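To start, the structure under review is shown below, and the notes come after it.
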Amino acid sequence: MFELDVEREFSSAHNLKGYNGNCSEKHGHNWGVQVFVRSKSLDEIGIAVDFKALKRELDAILLELDHKDLNTIPPFDKINPTSENIAKTIYDRLAAKLNDSRIKVYKVRISENKSSGASYFED
């Protein structure tokens, strides 16, 4: 099994509805995003996943989130834009674009800062 990962960042604001604390107020993060992709095999030239293609798909998703108020963007206008929900949303969108018989998005990790983050993956 091969595992590849890419990292990106985006900046946005959010607030957590129903949260009892400072995070209920509008605030911002420079989010870190790490995507892990797995493949059981390599293609004919020895590549599991083209890093350029992986980055292109991730960048397209992050462009919709960058420098935005997440609470106003679907699906976060209906669900809280927690690190957990952001990770799952990015995972679902990337998996729909990239997963095939050879490649599977394995995990997406979102970091609010250098010491706190959340990951989403499926068994």
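Each value in this text was obtained by applying a stated rule to the coordinates, not by laboratory testing. As the structure is a prediction and not an experimental result, all values here were calculated from the model. No Cβ is skipped: glycine too gets one built from the backbone with ideal geometry, and neighbour counts run over all protein chains shown.
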(message) Please compute the length gained on full extension between D59 and K97, using 0.36 nm multiplied by the number of residues separating them and subtracting their Cα-Cα distance.
(response) 12.4 nm
(message) What are the ³J(HN,Hα) couplings of region 103-116, residue after residue, when phi is run through the Karplus curve with 6.51, -1.76, 1.60 and θ = phi - 60°? Round to Hz, x for glycine and proline.
(response) 10, 9, 5, 8, 7, 10, 10, 10, 10, 6, 7, 6, 10, 9
(request) With a bin width of 5 angstrom, please list the P(r) values of the chain as percents of all Cα-Cα pairs, from the 0 bin to the one holding the largest distance. (result) 2, 11, 21, 23, 17, 11, 7, 4, 2, 1, 0
(message) Using each residue's phi in region 75-80, evaluate 6.51 cos²θ - 1.76 cosθ + 1.60 at θ = phi - 60° and report the 3J(HN,Hα) Karplus result to the nearest Hz, with x for Gly and Pro.
(response) x, 7, 6, 10, 10, 4
(request) Quickly rank 23-29, 77-83, 42-48 as a protection proxy: mean count of other C-beta atoms within 10 Å, highest first. (result) 77-83, 23-29, 42-48
(message) What is the angle, in °, between the Cα long axis of helix 83-98 and the longest principal axis of the Cα atoms in the chain? Nearest 10 is fine, range 0 to 90.
(response) 30
(request) List E112, E84 from most exposed to least, where exposure is judged by having the fewest other Cβ atoms within 10 Å. (result) E84, E112
(request) Tell me which residues come under 5 Å, amide H to amide H, from Y106 once H is placed; ignore anything under 5 positions away on its chain. (result) F36, V37, R38
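Could you work out [θ]222 nm for the chain from helices alone, using -39500 (n - 2.57) per DSSP H run of at least four and dividing by all its residues? Round to the nearest 500 deg cm²/dmol. Kindly include the intermediate steps, with their values, before the conclusion.
Numbers: 2 runs with 31 residues, N = 123.
-8500 deg cm²/dmol, from helical runs alone.
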